[in-house]
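The values are calculated or read from the model by the stated rules, or taken from the named source; none is laboratory data. Just so you know, these numbers come straight off a predicted model, no measurement behind them. Note that each Cβ is placed from the backbone with ideal geometry, even for glycine, and that neighbours are counted across all protein chains shown.
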Amino acid sequence: MREDLHARIADLRERAARLPRVSLTELPTPLQACERLSRAIGHGLRLHLKRDDLTSLGFGGNKIRKLEFSLGAALAQGCDTVVHGLAGQSNYCRQTAAACAKLGLPCHLVLRRDHKTAGAPQGNLLLSHLFGARIEMVAPDEQPAAKQRLVERLKAQGRTPYLIGSQDEALGAVAYALCLAEILEQGLERGAEPGVVCVTGWNGTQAGLALGARVLGWRGRVLGFAPSPSADEARRREAAARAAREAARLLGGEESFSAGDIVNTSAYAGAAYGEATAEGLEALALLARTEGLVAGPVYTGKGLAGLIDYVRKGEIAPGSVVVFVHTGGTPEVFAYHQEVSQAAVAPEHAT
Ligand SMILES: Cc1ncc(COP(=O)(O)O)c(C=O)c1O
């Protein structure tokens, strides 16, 4: 089985190496055992963190792996400017700004104004400014048109913009199929092959882990915890399945993924995207106090809360070796300092 796994990993890497790519981070990221956190959660859990919060650029995070392929494709297509735009506190946009700074590419961000963008910039927004992105803040309903107008303006100025969008999800999936290969290699090295890999998200990242499991012949479970509620979970899982299928095609193969192949729940997402939950903040504080590590209230705190609940209610079997992919988002704590301080300042320290 081991020989077989190593051969499959080599084949996956060889196929991925045919795609345009730029180097933005040192790899592999560490896989670290969390003994004190495991004991605090109980049930014989053997939890490891895949430290993708440590991808080595601009405060790290999962999008750095994806941007290696997206910006590789952008340069291969002759683009000379990057345009992106999501939430005002987007981790993805902050990592895009950092990657563009490293590559010397102008980066334009069209970001949504919301309750976390008022006043002096903080968290991810502050960092995006610091990395030199040209930032336009717009009302949420104006964002798609504003991005399109910006693309047209740049073209009129003789630029060739690359607009980051849904087509990049498949590239994120390629990156995370490779990340699963790293996880399995590192697990085997230390005699702790995981039975379950958990992640916060629903899109390319989870799609890639699911694709990696398929092409590497790994029989464990990939569990996804969504950061926002959804009226239509099936449609969202279908989007991830599409990213997995498209990534398989980019890797020169064919895989039949459907919504049923993506296991994802929004049970721990709370009321809305970008709103912290009590359980997420509690999980974030527990990680901080047992391991000295930081998770974010928007993504990873919610995923950790889901993992903890799954262990406690037996959805994850007692004694399991579990990997939580720490996808980063640590600058979120500064934009959410009021919410985080509720969990961080213990009552006995508050006076
Ligand atoms: C910290 C963090 N974790 C997880 C995700 C989810 O990744 P995906 O969009 O691939 O589902 C994101 C996306 O922005 C993120 O910023």
In the range 93-121, anything surrounded by fewer than 21 Cβ atoms within 10 Å (Cβ to Cβ) and part of a helix (DSSP H, G or I) is listed as A101, K102, L103
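Which of the residues belonging to the range 183-230 are among the charged types (D, E, K, R) and either within 30 Å of G274 (Cβ to Cβ) or within 16 Å of the ligand (Cβ to nearest atom) (or both)? Lay out the reasoning, then the answer.
Taking the range 183-230 as the starting set, the residues that turn out to be among the charged types (D, E, K, R) are 185, 189-190, 193, 214, 219, 221.
Once the filter is applied, which keeps residues that are among the charged types (D, E, K, R) and either within 30 Å of G274 (Cβ to Cβ) or within 16 Å of the ligand (Cβ to nearest atom) (or both), the range 183-230 yields only R221.
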Take the residues of the range 228-283 that are touching a helix residue (DSSP H, G or I) at 6+ places or on another chain (Cβ under 8 Å), polar (S, T, N, Q) and at pLDDT 95 or above: which is surrounded by the most Cβ atoms within 10 Å (Cβ to Cβ)?
-> N264
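Taking G208 as the residue in question, decide whether it is over 23 Å from G58 (Cβ atoms) and in the same structural domain as I308 (by TED's automatic domain parsing). Please lay out each step first, then the result.
Working: over 23 Å from G58 (Cβ atoms): no; in the same structural domain as I308 (by TED's automatic domain parsing): yes.
Spelling it out, it is not the case that G208 is over 23 Å from G58 (Cβ atoms) and in the same structural domain as I308 (by TED's automatic domain parsing).
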List the number of the failed condition for L103; all other conditions in (1) in contact (Cβ under 8 Å) with a residue 60 or more places away in the chain; (2) within 16 Å of the ligand (Cβ to nearest atom); (3) not basic (K, R) hold.
-> (2)
Of everything in the range 46-74 that's buried (at least 24 other Cβ atoms within 10 Å of the Cβ), of a type in the set (A, V, I, L, M, F, W, C) and closer than 21 Å to Q186 by Cα, which residue is farthest from the ligand (Cβ to nearest atom)?
-> L47
Can you run down the residue pairs with Cβ atoms below 9 Å, 6 or more apart or on separate chains, where the first is in the range 70-91 and under 22 Å from D52 (Cα atoms) and the partner is among the aromatic types (F, W, Y) and within 16 Å of the ligand (Cβ to nearest atom)?
-> H84/Y92; L86/Y92; A87/Y273; Q89/Y336; N91/F59; N91/Y299
Which of (1) outside any loop (DSSP other than H, G, I, E, B); (2) over 21 Å from P331 (Cβ atoms); (3) not hydrophobic (A, V, I, L, M, F, W, C) is the odd one out, the single condition E254 does not satisfy?
-> (1)
Given (1) of a type outside the set (A, V, I, L, M); (2) assigned to a helix (DSSP H, G or I); (3) touching a Leu at 6+ places or on another chain (Cβ under 7 Å); (4) surrounded by 23 or more Cβ atoms within 10 Å (Cβ to Cβ), index of the condition P297 fails = (2)
Would you call L171 within 11 Å of the ligand (Cβ to nearest atom) and either free of Cβ contacts under 8 Å to residues at least 60 places away in the same chain or surrounded by 24 or more Cβ atoms within 10 Å (Cβ to Cβ) (or both)?
-> yes
